[in-house]
Amino acid sequence: MPTLPIILVVGPTAVGKTELSLRLAEAMNGEIVSVDSRLFYRGMDIGTAKPSAEEIARVPHHLIDIVNPDETLSLSVFQKMAQDTIADIHKRGRLPFLVGGTGQYVRAVTQGWSPPEVTPNERLRNVLEGMGEERGKWWLHAKLQILDPKAAQAIDLRNVRRTIRALEVIFMTGRRFSDQRGSGESPYRLITIGLTRPREELYQRVDERIEKMFADGLLDEVKGLLAKGYSPTLPSMSAIGYRQCVGVLQGSMTLEQAKVEMRRSTRVFVRRQSNWFKESDRSIHWFHPEREKLLHEIETLIRNST
């Protein structure tokens, strides 16, 4: 039976995971391991709501700013990095707090997934990319939906890179992508804390966050990335906020249109996150972030579980 504990803090974007995880880690000799795929990229800070320098100074953080925007990080590589990081934290007698809302990365680390090890086929990828450019990313995702509905449900249709990877694995192996991620026994004793808010309350927080991003200089951040030579067609630049800012800078949409599109896309993203972490899941201990005595209750739960 696994004996090494890890604390997993999950929930939709803007629910309040960052502040709670900081408070818990400070109180319980912990360190934070990010399992949010948007925080990998250097220089993409405002649009990803990356923890501030002050927050990072409060508690050690890991797996943030680990690749450049034009680099890729496969699920299997991230899984190994996360597991090595967790082992090091345990070795130093501290408690790992995994924090994030990217369900696929969370499951890969905590449930012993074995991501498919299929060597990239550049010729096939080029064909798929060409078909996507000719017929549209929606067409590619529709083909994945036919071949592997489960994988299509887990992959955002705007994420062309992941859609192509799933199709590539299917065509190379003749098996559904979703059947190849293989789950093994988790090497950890997992305590999962879920944060939830009423949907309208969460949407209001999302809207406020978007306004703050622009006030903090999101457009300038994107302009700076483009000035450094990062292509607006990079997968990293397709993230919510970045693709809309590219549209504003290129004149294809107004600032207000960009904000409307960001609000709409984030709402869709929130609904997709709820498919990974359901409030009906009895393995998750759910809390409202502003619940009275929240910190004490969660600390007691963790101490009794570890």
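According to the square roots a ≥ b ≥ c of the eigenvalues of the Cα gyration tensor, what is the shape class of the chain, taking rounded for a/c under 1.5, prolate for a/b larger than b/c otherwise, and oblate for the remainder?
Details: a/c = 1.69, a/b = 1.22, b/c = 1.39.
Judged from the Cα gyration tensor, the chain comes out oblate (a/c at least 1.5, b/c at or above a/b).
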Point to revise | Estimated [θ] at 222 nm from DSSP helical runs (n ≥ 4, -39500 (n - 2.57)) normalised by residues in the chain, nearest 500 | key: -16000 deg cm²/dmol
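Please go through the range 275-306 and write out the chymotrypsin sites (Phe, Trp or Tyr not before Pro) that DSSP classes as loop and that have at most 11 other C-beta atoms within 10 Å.
Values: sites: TRP276, PHE277, TRP286, PHE287; in loops: PHE277.
Nothing satisfies the criteria.
Below 12 angstrom from the Cβ of VAL248, what's the summed charge of the other residues (Lys, Arg +1; Asp, Glu -1)?
Summing Lys/Arg as +1 and Asp/Glu as -1 gives 0.
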**Study point:** the range 122-179, relative contact order in percent, only Cα pairs under 8 angstrom and at least six apart counted
**Key:** 32
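Roughly what % of DSSP beta bridges within the chain run antiparallel, to the nearest 5? Please report the intermediate quantities before stating the final value.
Working: 1 of 23 bridges.
Bridges in the chain that DSSP calls antiparallel: roughly 5 percent.
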Exercise for review: Compare the Cα positions of ALA49, VAL9, LEU75 along the charge dipole of the chain (+1 at Cβ of Lys, Arg; -1 at Cβ of Asp, Glu; about the Cα centre) and return the one farthest towards the positive end.
Suggested key: LEU75
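How would the range 115-262 be classified by its alpha-carbon gyration tensor: rounded, prolate or oblate, with rounded meaning a/c under 1.5 and the a/b versus b/c comparison settling the rest? Intermediate values should be presented prior to the final figure.
Values: a/c = 2.12, a/b = 1.29, b/c = 1.64.
Cα axes put the range 115-262 in the oblate bin.
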Review point. So what is the relative contact order of the chain, in percent, for Cα pairs below 8 Å that sit 6 or more residues apart?
Key: 27
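Over the range 122-179, what per residue volume does the convex hull of the Cα atoms give, in whole Å³?
Details: hull volume 3.7 nm³, N = 58.
In the range 122-179, the Cα hull volume divided by residue count equals 63 Å³.
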Exercise for review: Give the distance, in whole Å, between the Cα centre of the range 73-145 and the Cα centre of the range 227-306.
Suggested key: 17
Revision key, fill the gap. Once the in-chain neighbours fewer than 8 apart are removed, the lysines whose Cα is under 24 Å from LYS150 read LYS137, LYS278
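Let me spell out the model: positive unit charges on the Cβ of Lys and Arg, negative unit charges on the Cβ of Asp and Glu, origin at the Cα centre of the range 122-179. What dipole size does that give, in debye rounded to 20?
Working: 12 positive and 8 negative charges, 22 e Å.
Roughly 100 debye, rounded to the nearest 20.
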Exercise for review: Please check the chain for the longest run free of GluC sites (Glu not before Pro) that are loop-located per DSSP (anything but H, G, I, E, B) and have at most 11 other Cβ atoms within 10 Å.
Suggested key: 1-116
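Between LEU295 and ALA142, what length comes free when the chain is fully extended (0.36 nm per residue of separation minus the Cα-Cα distance, one decimal in nm)? Don't jump to the answer; show the numbers that get you there.
Numbers: separation 153, 0.36 × 153 = 55.08 nm, distance 4.42 nm.
Gain on extension, LEU295 to ALA142, equals 50.7 nm.
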**Study point:** Where only alpha carbons of the range 30-146 are counted, the Rg and the Dmax (Å)
**Key:** 17.2, 54
Practice item. Report the residues of the range 263-306 in range of a label on ALA27: point 7 Å along Cα→C-beta, backbone N strictly under 17 Å from it. Key: 285-306
Practice item. Run down the lysines and flag those whose C-alpha is under 20 Å from the C-alpha of LYS259, throwing out any fewer than 8 positions away in its chain. Key: LYS50, LYS212, LYS223
Point to revise | Inter-site label distance for ILE56 and LEU73 at 7 Å from Cα along Cβ, in nm | key: 1.2
Point to revise | Net dipole in debye of the range 1-144 [+1 Lys, Arg Cβ; -1 Asp, Glu Cβ; about Cα centre; nearest 20] | key: 360
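No lab work stands behind these numbers, since they all come straight from the coordinates. Note that the structure is a prediction, hence the values are computed from the model and not measured. Note that we place each Cβ from the backbone using ideal geometry, even for glycine, and neighbour counts take in every protein chain shown.
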